[in-house]
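Structure first, then comments.
The values are calculated or read from the model by the stated rules, or taken from the named source; none is laboratory data. Quick caveat, the model's predicted, so the values are computed rather than measured. So basically every Cβ, Gly included, is an ideal-geometry build from the backbone, and we count neighbours across all protein chains shown.
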Amino acid sequence: MNVLQKYFNYRQALIEQYIKGDMTKREYLDKNLEAVLSLNIKPFKNIDNIDKALFNYQYYNAMAKDSKMSAYGDYEYHFNEQMNYYYSQKDRATLKILDLLDFRGVTAYHISVRSKELKNKLFEIVLKEHNNTILHSTSEFIKKRLIDEGVFEKGTKKSLIDYYINHRY
């Protein structure tokens, strides 16, 4: 088992602990960030397979959430800039995943959220042939590509991981 597979297995174990209530969302996010950083792997520049692209997605998502949780007071602008950078890199990884899959086995739709800021913006992308891996984005460019490829469904649905999406940290 390679290092990426070990990370994905560990992440799945963290998710299961979170679902069972053994850890809070904040604890899950902290442990996932620790796991990503402990690999001592920087995001891949040459992304030639789904695992590398998914790792980049998880890396940048973890870094963005950490920046968001760190944003306060005099440092808020700095952390918001970092957060925006990491989310943009996460979106690049998302596009790479979709391109590698040629949009096959993919479905996407807007999801119901409690956050007024994310309402009608956040959408879910399900990679059906990859253990129903779930990605999220607010990128209008990605949404347009999903619509153009005929995989973005109309309407709003409950997220497959609603317990996570609508739980504050």
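Please verify whether the stretch 105-124 includes one or more residues that are touching a helix residue (DSSP H, G or I) at 6+ places or on another chain (Cβ under 7 Å), in contact (Cβ under 8 Å) with a residue 24 or more places away in the chain and over 25 Å from Ile19 (Cα atoms). So far as the stretch 105-124 goes, no, none of its residues is touching a helix residue (DSSP H, G or I) at 6+ places or on another chain (Cβ under 7 Å), in contact (Cβ under 8 Å) with a residue 24 or more places away in the chain and over 25 Å from Ile19 (Cα atoms).
When the residues of the stretch 152-169 are filtered to those that are in contact with a Lys or Arg (Cβ under 9 Å, 6 or more places away or on another chain) and in a loop (DSSP other than H, G, I, E, B), the one that is modelled with the lowest pLDDT is Tyr169.
Can you tell me which residue among Val36, Val106 is within 30 Å of Lys154 (Cα to Cα), surrounded by 16 or more Cβ atoms within 10 Å (Cβ to Cβ) and of a type in the set (A, V, I, L, M, F, W, C)? From the options Val36, Val106, the qualifying one is Val106.
Scanning the stretch 128-156 for residues that are among the aliphatic types (A, V, I, L, M), without any contact (Cβ under 8 Å) to a residue 60 or more places away in the chain and within 22 Å of Asn56 (Cβ to Cβ) turns up Ile134, Ile142, Leu146, Val151.
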